[in-house]
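The values are calculated or read from the model by the stated rules, or taken from the named source; none is laboratory data. Keep in mind the model is a prediction, meaning the values are calculated, not measured. Glycine gets a Cβ as well: all are built from the backbone with ideal geometry, and neighbour counts include every protein chain shown.
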Amino acid sequence: MKEVLAESFYVRVGNLSDALTFFSDVLEMEIEPFDTHTYIATSKDEVSIFLSEKQNEKQTNQIYLNTSDCIEQYCLLKANGLVFTQVPSYQPEGLIAAFTDGYENHYYLVEPRKYND
Amino acid sequence: MRYVKELSNRNKIVSENTCKSFYKPSGREAYNLKFVFAGEERCTVNKRNISIFPDSFIVLNHGTEYNTTIDSITPVNTLALSFDAGFVKDFTNTCHLSDENLLDGKSQSAPLFLETLYPFVGDMKYNILHLKNQIDKGLDNEMLINEYLHHCLLNYYGIYHKEITQKVNKLSFIKTKTKEEIIKRLVLAKEYINSNYNTDVSLDDISAYCCLSVNHLLRTFKEAYGISPYQYLMQLRINRAKHLLKTTDYPLGEIVGLIGFENTSSFIRLFKSSVRMTPSKFRKGAYV
């Protein structure tokens, strides 16, 4: 997996209203309108996700969310009803879990770990 | 300060911060993993006196008789994880048996680990420190605790593979049984050095503790670990000095004494050649 330093992602969703419910209720992210077609979902680590039904060239379907404790976040989100496509697994970069939003967008919950310290 | 949490699957967590304690379990069928975050906890297992420091943890099989003692001027911060024997057996079966065998109800016997000190590093360290952090905040979520415990066992299997299985394979003996027996004794040699690192450790003492002749010990230790027992001792002293420099404000002279050096200048020379900076520079860097 590549190291991702992006703090904002542009994501296309099939149904904005459903997506907003998913991001606010399940992922517990802050939601605010950006323009008539776009909303911003902001995570605790201040990653902004621009959600829109309309296609644009900046959009990606791989979103990386950093966390200081992947196991804690995994349990919290699982308790909110989120089904993970990958349980917390050990990768060279750290501990990583994965899930999707139902619109073929893949989210990676990443806890970076430095093993040489 | 003491935190005790017994889960519905009979796993148990005890976290303590104390200067004095004596604990002898009452024959409960459980595996135990014990960690120390600050200070030293002594553990007596089958007449072996083992010291647990913050860079290592001990694993004890179910049914093993042992006791632990804390006797310190400064508080010793510990965490003990107790895993129900059935839980560990089930975990091991899930990890090692195929889905077919699991569906057929096949099962392996409860595992017996080498009861000794293991390095507290990598993912195990990350996960245990997260768990400790949650405990300090009054963690009560059983699902979250179980997830940490699951990962802790997973991490332990990884460490066991690296420390035991891989080292067995490094030995040049033909018979697997001989290799396994040698590793059991080399593990004792490391355990002795870890527990007595601040005393005048001699090769004769180590060799008597692990039941290997001095020559046999020197040859097989180097084969398995790539360094001599003396080099291992020096690395250990440097690492423990680094920990004390980072986590305490003890004067250097006191640290030198605590880690078993008689002479401050010879310690500084060794520290510089190993860490490539003086102890005081290292300490300043740790606080930046």
Could you please find all residues in the stretch B:165-200 being crowded, with 17+ Cβ neighbours inside 10 Å, more than 17 Å from B:Gln235 (Cβ to Cβ) and among the basic types (Lys, Arg)? B:Lys179, B:Arg185
Restricting to the stretch A:23-75, give me the number of residues that are touching a helix residue (DSSP H, G or I) at 6+ places or on another chain (Cβ under 9 Å) and of a type in the set (Asp, Glu). 5
Of the residues that make up the stretch B:210-224, is at least one under 21 Å from B:Ile259 (Cβ atoms), of a type in the set (Ser, Thr, Tyr) and not assigned by TED's automatic domain parsing to the domain that holds B:Glu115? no
Positions within the stretch B:102-122 being touching a Phe, Trp or Tyr at 6+ places or on another chain (Cβ under 8 Å), buried (at least 19 other Cβ atoms within 10 Å of the Cβ) and either within 9 Å of chain A (Cβ to nearest Cβ) or in a loop (DSSP other than H, G, I, E, B) (or both), in sequence order: B:Phe120
Strands (runs of 3 or more DSSP E) wholly inside the stretch A:37-117 that include at least 3 residues being over 13 Å from the mean Cα position of the chain (by Cα) and either facing another protein chain (nearest Cβ under 10 Å) or surrounded by fewer than 20 Cβ atoms within 10 Å (Cβ to Cβ) (or both): A:84-91
Please tell me if A:Leu20 is within 29 Å of B:Met143 (Cβ to Cβ) and part of a helix (DSSP H, G or I). yes
When (1) within 14 Å of another protein chain (Cβ to nearest Cβ); (2) within 19 Å of B:Leu154 (Cβ to Cβ); (3) of a type in the set (D, E, K, R) are applied to B:Lys89, the one that fails is (1)
Options B:Phe113, B:Phe91, B:Phe83: the member that is in the same structural domain as B:Val36 (by TED's automatic domain parsing) and within 30 Å of B:Arg219 (Cβ to Cβ): B:Phe113
Give me the helices (runs of 4 or more DSSP H) completely within the stretch B:127-202, filtered to those with at least 2 residues that are within 14 Å of another protein chain (Cβ to nearest Cβ), ordered by residue number. B:142-160
